[in-house]
Amino acid sequence: MLSFDTATFVTDLLDALVRIPSVNPELVPGAAGEAEIARHLATVCERLGMRVSVEEAAPGRPNVVAVLPGTDPARGRTLLLNGHTDTVGTAGMDAPFVPRREGDRLYGRGANDMKAGLAAMIGAVAALRAANVTPRGDVMLAFVADEEYLSVGTEALAKTHRADAAIITEPSRLALCIAHKGFVWARVRTEGRAAHGSNYDAGLDAIAHMGRVLAALERLEADVFPRRAHPLVGRPSVHASAIEGGEGLSTYPPSCTLTLERRTLPGESEAAVRTELEEIFAVLSRQDPSFHASVELIGARAGLEVDPDADIVRAVDGAALEVIGERPAHVGMRAWCDAALLAERGIPTVIYGPSGAGGHSPGEYVELPSVVSCARVLEQTIRRFCGTVMPCAP
Ligand SMILES: [Zn+2]
């Protein structure tokens, strides 16, 4: 094992992973899904001496959980490294599963989002094994299904596994993401009164009343939200998603339904979004007692915010300083990701992964040197967070 080279290991593994189609079958009916890539990852981890279990998050949608057992779990902490195995579809790509090298770049579906992160996770453990180092605490690698659709993989994992901290190796350009936004989906309904189009004194136009709601939402966007910016993820936002109402040209519309998405700051609750909408309705019905609206919340995911002084943040910062020569920038993401599901279960979770571009588009690529740097930083992070037994300790 003296000849172990992290760069060769992660590059070869990434190449193999891109060759295994794992398009999410919920996004593309009939697509391969995660079963074959899960088998491959399980085999690689078994060869590294890890304890591997394949756990169905949903029928035919496996998670792989591989544990490098610690030498002294009572004194060492468990670190979870988590990455999703599914990818989006391949529309517009000629040979999506044939990795193509161009200089430092490797092109292919999933190269950046996020098979590079998976290769880096395993590369970190392989480097520890090659150095004959076993940390005190457990190292747990989770390869989860379905992040690109409903995240059933991480949801199942969070219910059944514990860790003292977690890193999701989604592409982050080697910056350390410690916050992301959440979202709330809502259905708003205005009530009107059906009447013949000539009967202006009997009809009540529910669509026009929804127009008042839309105007109020635009005022939130223009006047209120810009003043509520979060230092890492920016301001909250709201937009209309779909609208429906009306029955015929000569009928006053008796109801109108608007679905909307409100992107929330870390810490903003579903209840706060409901209150925000109900306050709009209250103002509108004071202005016009014939205005009636109600709201139903139909989905939500919380945002993420990790204490910048958390041990996991310090561990990654220190590891990157050692490996790369500088601490990573602390950043936030606008988009939601699986990290919040782990944080909700009390596991401090950050996102740290390689550099690339073109995720979810035909030109997807990852920068190979960043994958190697990521693996090395993860290896050092494991040593710092889980603890290592010094060979010459007294
Ligand atoms: Zn991803």
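The values are calculated or read from the model by the stated rules, or taken from the named source; none is laboratory data. Note that the coordinates shown come from a computational prediction; the quantities given were computed from them, not determined experimentally. Here the Cβ positions follow ideal geometry from the backbone for every residue, glycine too, while neighbour counts run over all protein chains shown. These area figures cover heavy atoms from the full protein model, side chains too; ligands, DNA and RNA do not enter into them. Shrake-Rupley method; radii C 1.70, N 1.55, O 1.52, S 1.80 Å.
When the convex hull of its Cα atoms is viewed from all sides, region 62-200 shows a mean projected area of 16.0 nm². Overall, region 182-321 carries a charge dipole of about 160 debye about its Cα centre when +1 sits on the Cβ of Lys and Arg and -1 on the Cβ of Asp and Glu, all other atoms neutral. The residues packed around residue 384, meaning those with a beta-carbon under 14 Å from its beta-carbon, carry a net charge of +1 if Lys and Arg are +1 and Asp and Glu are -1.
For the chain, the residue among 342, 297, 121 whose Cα projects farthest onto the positive side of the dipole built from Cβ charges is 121. One decimal place: the segment residue 228-residue 261 gains 10.1 nm when fully extended, by the rule 0.36 nm per residue minus the C-alpha distance.
Here region 215-270 is treated with +1 on each Lys and Arg Cβ and -1 on each Asp and Glu Cβ, and its dipole about the Cα centre works out to around 320 debye. Relative to the Cα centre, the charge distribution of the chain, modelled as +1 at Lys and Arg Cβ and -1 at Asp and Glu Cβ, gives a dipole magnitude of about 800 debye.
Ranking 177, 153, 139 by Cα position along the charge dipole of region 134-193, where only Lys, Arg, Asp and Glu carry charges on their C-beta atoms, puts 177 farthest toward the positive end.
For the chain, averaging the sequence separation of C-alpha pairs within contact (under 8 Å, six or more residues apart) and dividing by the residue count gives a relative contact order of 24 percent. Taking the Cα atoms of region 188-332, the ratio Rg/Rh between the radius of gyration and the Kirkwood radius comes to 1.21.
Between the amide H of residue 388 and those of 136, distances stay under 5 Å, these residues lying 5 or more places away or on another chain, with hydrogens modeled in the peptide plane. What's the carbon and sulfur percent of region 1-53's accessible surface, probe 1.4 angstrom, rounded to a whole number? Carbon with sulfur: 53 percent of the solvent-accessible area.
Since only 110, 73, 83 are under comparison, the one whose Cα sits farthest along the positive direction of the charge dipole of region 67-118, derived from C-beta charges on Lys, Arg, Asp and Glu, is 73. Near residue 45, once Lys and Arg are set to +1 and Asp and Glu to -1 for all other residues with Cβ below 13 Å from its Cβ, the sum equals +3. Taking only the alpha carbons of the chain, we obtain Rg and Dmax values of 24.8, 94 Å in that order. Average accessible surface for region 159-250: 52 Å² per residue, computed with a 1.4 Å probe over protein heavy atoms with every protein chain in place.
Taking the centroid of alpha carbons for each part, region 267-341 and region 64-113 are 26 Å apart. Report note on the peptides 173-185, 370-382: ranked by the mean count of other C-beta atoms within 10 Å, highest first, their order is 370-382, 173-185.
Looking at the chain, the DSSP beta bridges with both ends there are about 75 percent antiparallel.
The residues of region 103-150 expose on average 23 square angstrom of accessible surface per residue, using a 1.4 Å probe on protein heavy atoms. For the pair residue 329 and residue 75 in one chain, pulling the backbone fully straight at 0.36 nm per residue adds 88.4 nm over the alpha carbon distance. Computed from backbone phi, the HN-Hα couplings of region 318-330 come to x, 5, 5, 4, 5, 7, 9, x, 8, 6, x, 5, 8 Hz, rounded to whole numbers (Karplus: 6.51 cos²θ - 1.76 cosθ + 1.60, θ = phi - 60°; Gly and Pro given as x). The angle between the Cα long axis of helix 6-18 and the main principal axis of the chain comes to about 50°, on a 0 to 90 degree scale. The mean accessible area for residues of region 280-394, using a 1.4 Å probe and ignoring ligands and nucleic acids, is 45 Å² per residue. Using modelled backbone amide H atoms (1.01 Å from N, in-plane), which distant-in-sequence or interchain residues come within less than 5 Å of residue 78's amide H? Here 138, 164 satisfy the definition.
The portion of the accessible surface of region 138-269 made up by carbon and sulfur, rounded to a whole percent, is 52 (1.4 Å probe; DNA, RNA and ligands excluded). For region 1-92, the relative contact order is 26 percent, taking Cα pairs closer than 8 Å that sit 6 or more residues apart in sequence and dividing their mean separation by the residue count.
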